[in-house]
Structures are given as C-alpha cells and as structure tokens.
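A.B. asks: Next up is a structure, given as structure tokens.
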Amino acid sequence: MNAEIFALAGPVRGRIMISVMIDVMLTMCHVAGGVFIAFWLNAVFNGERANSVIMWLLAFAAAAVFRGVLAWASESSAQATAQASKYYLRELLLTKLNRLGPGYVMARPTGELQTIIVNGVEILEGHFSRFLPAVMSGAVGCIAVLVIIGLNDWLTALLLLLFLVAQPLIDQAWMRRRMPKLSGIFAATVSFGAYLLDNLQGLSTLKIFDATGRRRSELVRRARVLRQEAMPKISVTMARIAITGLLTFGGVATLIVVNSWRYAAGSISSLTLLLTVFLAREVFRPLERLEKEFHAFQAAKGAIKPIKGLLDAKLIVGEAMNPAPLPDSTTISFEDVTFAYPSGDRPVLENVSFSVPQGKMVALVGPSGAGKSTILSLLLRFFEPQCGAIRIGGTDISDLSLEDLRSLVTVVSQDVQLFHGTIADNLRIARPSASDADLREVAGIAHIAEFIDSLPNGYETDVGERGARLSGGERQRIAIARALLKDAPILLFDEATSNVDVVNERAIQLSIEALAGHRTMIVVAHRLATVEKADLIIVMDEGGVVEQGSHGALLRVGGLYSRLVAGEGTPA
Amino acid sequence: MTGLAIDREMRAISPPTGLLGLIPLATRSKAPLVLTIVAGMVAQALMVASLVTGGWIAGQALTGATVDAFTPAAVLLLGFVAATATARWWQAHVAHDLAFGLIEVLQVGIYDGLERAAPGSILGLRTGEMAGVANADAQLMEFFYAHTLGDYVAAAVVPLGVLSVLTFVEPILALALLPFLPLLASIPFWLARCAGKQGHAVSAAMGALTGDVVEAIQGQRDLAIFGQGQAYLQRLSSRTAALGEQQRSYGGRSGLEQAAIDVILSLAVLTTAVVSTLLYTNGRIALEFIPVAVVLAAAALGPVVEVTQTARKLGELRAGAERILAIFHQPPNVLDAGSFDTPTNFSVRFDRVAFAYPGERHAVLKDVSFCIGHGQAVALIGISGAGKSTCANLLLRFWDPVAGVIFIGDTDISSLPITTLCKLVTIIPQDVHLFNESIADNIRLGRPDATAAEMETAARMAQAHDFIIDLPKGYDTICGERGVLLSSGQRQRIAIARAFLHDAPILILDEPVSNLDTGNERALHTAMAAIRHNRTVLLIAHRQSTIDTADEIFELKDGTVDSRLPPKAH
C-alpha cells in the first residue's frame, strides 16, 4: 500500500474502495466457511443433537452461496475498476500533454512518452483493480482469523503470529543476500534477449554475408553459458521456497500437533483444535498473495515516478492573459531572437533577425544543426525564445492566443503523421467541415488527386496504421493537401521533400511553386535546387544568419551559399 | 495486421496443432521436462499427505487417544512438511533448468525458421516484425512448460490419486466426490464460445484504443497545429465508452465462472460433510476419519481450481504456440544443393525470369531478361513495386525464380553453393541494419578474420574512417548505444565499408531515397563511386544523376523489361 499511488487514482478511488469492500466481504465469507466447518465437526465430536449439526452445515451452505455472489461481484467490479482507472489516467495524462504542447514531446526521446502513457497506465490499472483489493482484503482476513482463534485461545494466535512475522523477516534477509547475484542473471537474460532480437531483425543482412551459421553457433553458445552460469545461483536463491514453505506448513503442522497434545492434556477445547485445523492456514494467505503480486507492486512503484513527472511538468509556453486581436498582415519578423533548448547548454539560435514580407516565399538553407527547423518551432510557439521577439504583422506572437496563432500558421514537415482512418478523415483533421469538393480542390493543388482517384475506394481508402500503406511521397503530398485545407495565410515547409523519391519531389516542388505569391511561406530545404526560385534565401550556420539574398545575388557573393551549391550534384 | 487477422490466417494454414503440437518440441529436452512434472507431482502428493496426517492426528486427539498414540504420526507429519518444502525447492530448480534449456530449443528454433523465411514474411508479418512477436511467444512458452504444464498434470493426477486411495477406505465417499471433478474442470468450457468471442472483441478494441493513444502522442504536433488536440481526446473518450459495454459483459461472464468455481468447491466440501456424517451414523466409518475426509475433499479439488483459474490464459498461449509452430514449419525459400565451381566471368544475365512471392497470386516479374557485362553497370528503373528490389532478391538467391534462369558468367546461380554465391554478390541496401556491436564488428561481418589494417582501409575507401575516429571510442564504438546515433549517411558508409571488406565482384546498389545534407551526400557519392570501380553493378536508381552514370538502363514495367533506354553520354 502506497499513499502516493493511491492519490493518483483521483475520482476512481471510490470505485477502488468498492472493489476492496467486496473482496473483504468475500474473504470474510471464506473465513466463515472454515469457522462453520469447525463448529459442525465440534458438534459431531461432542455428540450434539442432529439439529445443531445440521444448523452448522446450513450456515456453511449459506456462506457458500454468499461467496458465489461475492466472487461474481468481485470479478465484475475489478473489470469496472480497471476500465475506469485506465480511462481516467489516460485522459488526465493526455490532457496534460495537450497543454504541454509539441515542444514537450519534441524534447523527449521517441517512445518515452509512449512508455509512460501506455505501459504506465496499464501497470497502475492492474495495481488499482487487482493488487489493492487482493492485498487489503488479505490483510483483513488475516486479522479476522487471528482474532477468532485468539478469542478461543490466545496462545495459538500468538504462535501463529510468530510464524507469520518470521516468514517475511527471514525471507527478506535471505533475499537481500541473494539479490545482487540474481540481478546479474536478470541482466544477462535481458542482454541475451536483446542479442537474439538484434540478429533476428538483421537476418537478411546476415544472409547476404553468409554469416547466419556463425551467428547461430554464437546464439547457442550464449544460451548454454547463460544456463550454466544462472542455474547454480538461481538454485540457491530458490531455497527461499523451501524456507517459506517450511515456515507456513511447518507452522500449521506444529500448531496442530501442539494443540492435539494440549487437547489430550485437557488444556484447550475441542473447538480450538478444530479451528486450528481448518483456519490456521488462512493466516498465511495474504503473504502468498503478496508474494504472487510482488512484481506488480514493484512495477507500480516504478511507474509512478515518470507519470508524476509528466503531470507535474511545467508548461513550456504560457497563454497570453489578454490576447491581442489577429494581426492584419502576415509579415513575419524575427528580432534578435536567441534560443536554447531546455535540455541543451548552448543556444541553438543567437541574435537571429530577419523578416518575411507578406505573400513572399523565403528559403532557409544551411548545414544541419544550423537552427533552421528551430526557427519554425519558435514561430509555431512550441518553445519560447529566451531573448528577442517574433512578430506577425507587428504583433508579438506571445500576445496572441495559441489558438489564433495556430490558425494563422500551418506546417508540412518531413515526418508526416497520418491518423488511423480514411484519407478523407485525415484531410478533414485540418477542417472538419470541409466539403468533398474542398478535398478534391486541395488534393489537386498537392498533385495527389490523381493518385487518390486511382485507389479502389478513393478518398475513403483507409490509410492503415500510421499511414503504413502509403509511400513516403504519397503521405507527404496528403500532408500538403491537409495543410492547404486549413487555409492558413502562413505556410511552413520543413524539409518536406527529404524522404521522397524524384517523382514525388518534383510534384511537391510544383505545389510549392503554385502557392508562391498567394501565401507567406518559409521553406526549409536540404536540397538547394528546390529553393532557387525563392524570393529571398536566408543562409544560416551555427545558429546565426550568415547571408541573405536571391539565388543569383548569393552566387555572386561567393560565400557559404555558393560553397553549398558547389558541393551538390556530384553524380554517384 | 491485427491479432485477430493473424488468428484467422493461422487457422487456415495449420492443422489442429496449438499447444499439443508444441509438446514434441519441448521433448527435445526430455529429461528436464519429465523431472519438472514428476517434481511437481511429488510436491503435491507430499502436500496431500501432510494435510491428511494433520487431520488424522486431530481426529485421534478428539476421539480421546493418548499423546503416545499419535506421537509417531506427529513425527511423520513434521517429516512430510520438511519433505514438501524440499520437494518444492527441487521443483523450482528443475523448472528453471527446463526453462533455460528450452531457450536453446525455442529461441534458436525461431532463429532457424525466420532465417529460412528472411527477408520474406510469415503469417503476413515481415521477418523483422515477426522477430519481436516470436520472441515474446517463446518466453510465454517457456513459462508454460516450466510452470503451467506441471499444474495441469497435477490437476489430473492428484484428484484421481486421492479418489482411488479413498475408494479403498470408503468407496461411497469416493463416489460422492467423483462428479465434482469433471464439473469443476469443465467450467472454462461452459461459456468458452462466449468467452472466446468476448475476449477477441475486447482485446481487439483495446488494441485499437492503445493504437489511438499512441497516435495522439506521436501526432501531438499535427494535432496542435490543426487545433484538434481536445477533439481527438473526445474521440478517444467516446471509443472508451463504447468499449466499456463490452468490458462489462466480459467481466460479468468471467465473474460467473469465478462464482461457479467457488460454489462447486463449497458444494463438494458440504457433500463430503453430509455423506461422512451419514456414514458415521450408519457405523461405516470411524468418527476420527471425518476430519480426514473433509480435508481430503478440499485437497483433491485444490489443484483443479488452480488450473481452472489459469485456463482463461490458454487462448493467448494457444495463439502463441501456433505462431511458433508456423515458424518452425517454415520451409526454406531455396534449396542449397549446388556444387559448381566459382565462375571466372562475372557478367550477370537474367533469362526470361518470372517470379511471384510465395502466397501471392500476382506475379511481380513475368518475363524479365537483361544482361550486365563483366565490369559494367546497369540501372534498373521503374515505379515502386515494379520489381526492382525483387530482381535484387533473386540475384542474391533469397528466392528462386518461378521460371527462367539467372546466370553469373555461364553458371546458373542455383547450381552454385550459397556460400560461393555470397562471395560473388553483395548489396548495399537502402536501410542498413547495423548490429548492436562495435563498428569494427559490423564492418567485419562478411570477413571476421580481417585484420585491423584491412578493416581501416575499407573504411577509408568508404569515406567512413574520418567520422569513425571522431566517435568517442572510434572503431570500438557500439552502434546504437545511447548517444551514438549515426546519421543515415554514416550508416550507408559503414555498409559500404562492409561491402569493400567483403570484396564481392558483383554489387547491387540500392540507392537511398532520402536526401542527405550536402556534406554527407558528397562523401556518400565519393564512396559509392569508389566501390563501383571494377565491379559488375546492378543499380536500383531513383535519381537522374545516378541513372545517367549507368552503361545501360532498363525500365521495369508490368513485370517485364519495358524498354531499354539509351544512356546519356558521360
């Protein structure tokens, strides 16, 4: 039981408590069954009247019926609790993620958030729906049995308690000694798994280099070594099973023997002896339960930290208190902007100033790491610059509401995210109210209409899990159509052609050129040929603007740009 | 592909195999398997013996026996308890030994099966994707054999053993208990059809929901830009609500099963109580035997209950077993039966080659003929899916053509040992797989015995040496280790160094599609130009500038070589 984990359950706590209550009642029925059997036998041995013998059996039957009902309720309730806590935690985390915005996601390694939100929630769900009810009801049952036995004979209860306390103490002492060796085995097993997976994934490569046989022998060797090294250590560690077993069964057996002697000596009642036979075992159940769920508990303790980290994360960009009205113009200006990523020590941009007049197309070029994509992230306010201002039509973008700002700007990036659903669904993410004719129009401009029409289901074609069924170029063009559908006056292209083949590259190039003059555009490009027609080319290097001008003018200057151009186009 | 679809496909291709089909595999480590089951049964039997002895001692005491009368039994009881504890330890030991032993059978078997299929697919999953699934399945199987299987055997043997012993003591009591065994054991089957349907529906819906959550995280940026973050969340919520209904009926059903187990178990104890009381009043059994009978009833049914509760996991296990069996039964794509000597001329000729991937009706190549002269370069062009990569796969002999022949010099490549063919042909693929080992090991993949100097020369020629020595540990840097993320251009150049060291006279060059930044691109071009020197080259080209460097150009279209385009003068 851990208060910090329980606090996270929020409104689901009530439901968890219901689950706990049901399980406690279930355990009590269980205990009652044992008690009634003991009373029944007591009546039989003492030669009581048939009435009283039958009465205890009826009581046992009644407890059994209750048990059935409660077992059903327990399972149903656990399922409901699982569902409710998953729903609640997911919504909590995703809402927070929405508020943190893309900047937070971008600054984290891929997969980390997924692990937190998907796996972490899964683990906590199990903790809430199974672990807590099991352990709490087990504890209540254990106490109830000790009390019932203690009321009859305090010495029996005391001896049971001794065995009960001794078991975890001895077990822990044993495990603390063995744990370092065990974790070594665990690491070796994990690393064997990683080695296997790496080689399975690289099988084609191994085949090409005729290395499959060699790797196979190595795999077999590693499996043997793992077994030879792990077995002696595991074997000794497993002695705990003998120790705990000895304490549990040994405890019960000792008490049965001791109480039989005491009964023969006339110092306890027959009922006490029968309760010992039928109930003493129940005292150890919670420990067994805990043992079974031990891994789940450790996992929950591990999951809680990153989840809280996400929930407590500070917002990267704040909303303006009194948002400014939408600007009249879409001229963009960066004024002395300096920016470093939260995790980085060096600024990525230093004193960057430039402007993009309304309706013009500006290209950002330069070696990787120059800060080109960062400029786009700042313009979208995924991050906040440490110094300087970014304005649209004269208004500082931090004075605009995020909603307004993002209604002005849209972006096509190199890694396009398509969502589960049809092509039409994906386009309409940009504008849910768009008509079919609107979809056709933007698809035409993005040079993807022909392709979509060639699909058996046209716009209703399912894009497959994360767009897996479409090629990079096709996805890219769908993303352009989607961006166009949003109809924002400012359009950003972030290396939109870097993952596509030559045919797609050409099509995308044509779409960009067709838009020139209609929108204010910033194009970040690796390949310089794609930006020759830009109204202005801004050349960046190491976080600063080093030169700007038209293609022709920059070539005449003979600076970084002309060097970059000269470096390109060498045939293979 | 969803789990459901896999299931369906599984059923279509494999006869009734499942978990039982896997048992022959596990018997490859026969001794540990038998030991595990025996150990489990010994532990169970000793446990029952302890319980019975405890009940008997109490019964003796209650009927007025003297301490001396049951002291020997008390010693016996403590002996049984110690033996039970030891037997459980032994069981844990042999179970772990079995699990570790099975790694060699299962995991290595999966390696073999996937190796036969690579780079094709099994059950619709590419080998790379299948790797993760199969590895998880193997771990599930190890757990099954080491732990679950023993429980199942015990669930069958222990109750029957107890009942047969009871038959000798008092047949009526045994007869009274008998019906409860099949009753308990059959519970998972009562609603099996319903459970299966509900289970599939719930897990499919949950999987879809998890997929949506992942999308919401990965698509954060796009959702923010389009202002759809909240809307997407609402969509998730409504889906969750829809799932709730299914989940409730699932929970209700599995709750009913739990209730049935509980009630039947109680009924068995109650029946024993009533019957033994009646038998006692009729003088058929002694009074002190009643506690023993009640304890025995509970002990006999305990293992069955244990198993009934794990039965809900059997579906999952079966699906895993079937996937593993499909991998084990995967036939090899090609037969390595050639014995011809290495040809001396390294021209490549495709002669009326036709090919369809196994399990697909649609032929990728229908009638493809072309020739690459010794030391020449030919560019294959065509839209994606036209069969360019298929030509490469056939030349590497990942598969054999359905019709037609591929020659190197005058030798049919299928009459060469595969080891020989590997020495003759190599490929620089688009997506390079680097193993999670040092860069040196990765370059040495084709020639593990190469010296450091040879390896460095290869790296220099591949324009990779300079960036490698700039890495923190140089050639000993582990690829893919934290912080050492190589760019795609750098990975390509390591692949070229690998190919240099391998030094095959025939090279397939699958041009990368993605654009690199200028510095990387120039280095890659230089490296590619170097490795093409003096080799017979099959170019899978995308860019005009690359296509222009070929001696001849062939366009693949509709499964045939559509046209032979004139190369530009260069």
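The values are calculated or read from the model by the stated rules, or taken from the named source; none is laboratory data. None of the values given here were measured: they were computed from a predicted structure. In this analysis, Cβ positions are derived from the backbone assuming ideal geometry, glycine residues included, and neighbour counts consider all displayed protein chains. Surface areas here come from the heavy atoms of the whole protein model, side chains and all, with no ligands, DNA or RNA. Shrake-Rupley method; radii C 1.70, N 1.55, O 1.52, S 1.80 Å.
A.B. asks: Take the residues of segment B:412-434 that are under 30 Å from the mean Cα position of the chain (by Cα) and assigned to a strand (DSSP E or B): which is farthest from the other protein chains (Cβ to nearest Cβ)?
C.D. replies: Checked segment B:412-434; the qualifying residue farthest from the other protein chains (Cβ to nearest Cβ) is B:Ile428.
A.B. asks: What do you reckon, is B:His362 open to solvent by 60 Å² or more (accessible area, probe 1.4 Å) and modelled with pLDDT of 90 or more?
C.D. replies: Working: open to solvent by 60 Å² or more (accessible area, probe 1.4 Å): yes; modelled with pLDDT of 90 or more: no.
It is false that B:His362 is open to solvent by 60 Å² or more (accessible area, probe 1.4 Å) and modelled with pLDDT of 90 or more.
A.B. asks: Out of the residues in segment A:426-438 that are buried (at least 23 other Cβ atoms within 10 Å of the Cβ) and assigned to a helix (DSSP H, G or I), state the one that is nearest to the chain's Cα centre (by Cα).
C.D. replies: Step by step, filter segment A:426-438, then rank; the result is A:Asn426.
A.B. asks: In segment B:280-328, how many residues are closer than 23 Å to B:Ala136 by Cα, open to solvent by 40 Å² or more (accessible area, probe 1.4 Å) and not acidic (Asp, Glu)? Walk me through it before giving the result.
C.D. replies: Filtering segment B:280-328 for residues closer than 23 Å to B:Ala136 by Cα gives B:307, B:309-328.
Retained after the next criterion (residues that are open to solvent by 40 Å² or more (accessible area, probe 1.4 Å)): B:309-310, B:312-314, B:316, B:318.
Subset that is not acidic (Asp, Glu): B:309-310, B:312-314, B:318.
Number satisfying all stated conditions: 6.
A.B. asks: So, restricting to strands (runs of 3 or more DSSP E) that lie completely within segment A:506-572, which ones have at least 1 residues that are among the hydrophobic types (A, V, I, L, M, F, W, C) and either open to solvent by 30 Å² or more (accessible area, probe 1.4 Å) or in contact with a Pro (Cβ under 8 Å, 6 or more places away or on another chain) (or both)?
C.D. replies: Hits in segment A:506-572: A:536-541, A:544-549.
A.B. asks: Restricting attention to segment B:188-211, and to residues there that are facing chain A (nearest Cβ under 9 Å) and surrounded by fewer than 17 Cβ atoms within 10 Å (Cβ to Cβ), which single residue is nearest to A:Val121 (Cα to Cα)?
C.D. replies: B:Gly211
A.B. asks: Next up: Please list, ordered by first then second residue, the pairs with beta carbon atoms under 7 Å, 6 or more apart or interchain, first in segment A:270-295 and without any contact (Cβ under 8 Å) to a residue 12 or more places away in the chain and open to solvent by less than 10 Å² (accessible area, probe 1.4 Å), second of a type in the set (Lys, Arg) and not in a helix (DSSP H, G or I).
C.D. replies: Close Cβ pairs satisfying both conditions: none exist.
A.B. asks: Can I ask one more? Could you say which residue among A:Met28, A:Met17, A:Met1 is more than 10 Å from chain B (Cβ to nearest Cβ), more than 25 Å from B:Val269 (Cβ to Cβ), open to solvent by 60 Å² or more (accessible area, probe 1.4 Å) and at pLDDT 90 or above?
C.D. replies: Being more than 10 Å from chain B (Cβ to nearest Cβ), more than 25 Å from B:Val269 (Cβ to Cβ), open to solvent by 60 Å² or more (accessible area, probe 1.4 Å) and at pLDDT 90 or above holds for just one of A:Met28, A:Met17, A:Met1, which is A:Met17.
A.B. asks: From the list B:Ala185, B:Ala82, B:Ala92, pick out the single residue that is surrounded by fewer than 19 Cβ atoms within 10 Å (Cβ to Cβ), farther than 30 Å from B:Ile418 by Cβ and within 10 Å of chain A (Cβ to nearest Cβ).
C.D. replies: Exactly one residue qualifies, and that residue is B:Ala82.
A.B. asks: Would you say A:Asn42 is within 30 Å of A:Ser270 (Cβ to Cβ) and either touching a His at 6+ places or on another chain (Cβ under 7 Å) or surrounded by fewer than 22 Cβ atoms within 10 Å (Cβ to Cβ) (or both)?
C.D. replies: Criteria met by A:Asn42.
A.B. asks: If you don't mind, there's one more thing I want to ask. Does B:Ala231 meet the test of being surrounded by fewer than 21 Cβ atoms within 10 Å (Cβ to Cβ), more than 30 Å from B:Trp56 (Cα to Cα) and within 35 Å of the chain's Cα centre (by Cα)?
C.D. replies: No; evaluated as a whole, the condition is false for this residue.
A.B. asks: Do the conditions hold for B:Gly132, that is, is it open to solvent by 20 Å² or more (accessible area, probe 1.4 Å), at pLDDT below 80, within 13 Å of chain A (Cβ to nearest Cβ) and under 30 Å from A:Met231 (Cα atoms)?
C.D. replies: Yes, satisfied.
A.B. asks: Quick check on segment B:371-393: of everything there that is modelled with pLDDT under 90 and within 14 Å of another protein chain (Cβ to nearest Cβ), which residue is farthest from B:Ala550 (Cα to Cα)?
C.D. replies: The extreme case among them is B:Gly385.
A.B. asks: Taking B:Ser389, is it part of a helix (DSSP H, G or I), open to solvent by 50 Å² or more (accessible area, probe 1.4 Å) and closer than 30 Å to B:Cys479 by Cβ?
C.D. replies: Numbers: part of a helix (DSSP H, G or I): yes; open to solvent by 50 Å² or more (accessible area, probe 1.4 Å): yes; closer than 30 Å to B:Cys479 by Cβ: yes.
It is true that B:Ser389 is part of a helix (DSSP H, G or I), open to solvent by 50 Å² or more (accessible area, probe 1.4 Å) and closer than 30 Å to B:Cys479 by Cβ.
A.B. asks: Could you figure out which of (1) open to solvent by less than 80 Å² (accessible area, probe 1.4 Å); (2) of a type outside the set (S, T, N, Q); (3) in contact with a helix residue (DSSP H, G or I) (Cβ under 9 Å, 6 or more places away or on another chain) isn't true of B:Ile383?
C.D. replies: Answer for B:Ile383: the failing condition is (1).
A.B. asks: Moving on. Inspect all residues belonging to segment A:462-472 and state whether any of them is at pLDDT 90 or above and assigned to a helix (DSSP H, G or I).
C.D. replies: The answer is no, given that none of the residues of segment A:462-472 is at pLDDT 90 or above and assigned to a helix (DSSP H, G or I).
A.B. asks: Output the residues belonging to segment A:399-420 that are open to solvent by less than 10 Å² (accessible area, probe 1.4 Å) and either on the phi > 0 side of the Ramachandran plot or more than 8 Å from chain B (Cβ to nearest Cβ) (or both).
C.D. replies: A:Leu400, A:Leu405, A:Val412, A:Leu418
A.B. asks: Please go through (1) facing chain A (nearest Cβ under 10 Å); (2) within 32 Å of the chain's Cα centre (by Cα); (3) touching a residue at least 60 places away in the same chain (Cβ under 8 Å) for B:Arg248 and return the number of the only condition it doesn't satisfy.
C.D. replies: (3)
A.B. asks: Is one or more of the residues making up segment A:150-165 at pLDDT below 85, among the charged types (D, E, K, R) and in contact with a helix residue (DSSP H, G or I) (Cβ under 8 Å, 6 or more places away or on another chain)? I'd like the intermediate steps shown before the answer.
C.D. replies: Restricting attention to segment A:150-165, the residues satisfying the condition of being at pLDDT below 85 are none.
No: segment A:150-165 contains no residue that is at pLDDT below 85, among the charged types (D, E, K, R) and in contact with a helix residue (DSSP H, G or I) (Cβ under 8 Å, 6 or more places away or on another chain).
A.B. asks: What number of residues in segment B:238-251 are open to solvent by less than 20 Å² (accessible area, probe 1.4 Å) and not hydrophobic (A, V, I, L, M, F, W, C)?
C.D. replies: Residues flagged as open to solvent by less than 20 Å² (accessible area, probe 1.4 Å) and not hydrophobic (A, V, I, L, M, F, W, C) within segment B:238-251 amount to 4.
A.B. asks: Determine whether segment A:71-89 contains at least one residue that is surrounded by fewer than 17 Cβ atoms within 10 Å (Cβ to Cβ), of a type in the set (A, V, I, L, M) and more than 10 Å from chain B (Cβ to nearest Cβ).
C.D. replies: no
A.B. asks: Could you check segment A:474-505 and list, in sequence order, the residues that are β-branched (Val, Ile, Thr) and either crowded, with 24+ Cβ neighbours inside 10 Å or out of contact with any strand residue (DSSP E or B) (no Cβ under 9 Å at 6 or more places or on another chain) (or both)?
C.D. replies: A:Ile478, A:Ile480, A:Thr497, A:Val500, A:Val502, A:Val503
A.B. asks: Could you count how many residues in segment A:366-387 are more than 17 Å from A:Gly103 (Cβ to Cβ) and surrounded by fewer than 22 Cβ atoms within 10 Å (Cβ to Cβ)?
C.D. replies: Of the residues in segment A:366-387, 4 are more than 17 Å from A:Gly103 (Cβ to Cβ) and surrounded by fewer than 22 Cβ atoms within 10 Å (Cβ to Cβ).
A.B. asks: Can you tell me how many residues in segment A:114-128 are surrounded by fewer than 23 Cβ atoms within 10 Å (Cβ to Cβ) and either facing another protein chain (nearest Cβ under 8 Å) or in contact with an Asp or Glu (Cβ under 8 Å, 6 or more places away or on another chain) (or both)?
C.D. replies: Residues that pass the stated criteria total 2.
A.B. asks: Which pairs have Cβ atoms under 8 Å, sit 6 or more apart or on different chains, and link a residue in segment B:394-411 that is away from chain A (no Cβ under 14 Å) and open to solvent by less than 20 Å² (accessible area, probe 1.4 Å) to one that is assigned to a strand (DSSP E or B) and acidic (Asp, Glu)?
C.D. replies: From residues that are away from chain A (no Cβ under 14 Å) and open to solvent by less than 20 Å² (accessible area, probe 1.4 Å), the pairs are B:Ile406/B:Asp351; B:Ile406/B:Asp412.
A.B. asks: Right, something else. Could you tell me which of the residues B:Ile122, B:Ile57, B:Ile37 is in contact with a helix residue (DSSP H, G or I) (Cβ under 6 Å, 6 or more places away or on another chain), of a type in the set (Val, Ile, Thr), crowded, with 18+ Cβ neighbours inside 10 Å and facing chain A (nearest Cβ under 7 Å)?
C.D. replies: Matching residue, one of B:Ile122, B:Ile57, B:Ile37: B:Ile57.
A.B. asks: Only one of B:Thr536, B:Thr518, B:Thr546 is open to solvent by less than 10 Å² (accessible area, probe 1.4 Å) and at pLDDT below 90. Can you tell me which? Working first, answer last.
C.D. replies: Values: B:Thr536 fails: at pLDDT below 90; B:Thr518 fails: open to solvent by less than 10 Å² (accessible area, probe 1.4 Å).
The conditions single out B:Thr546.
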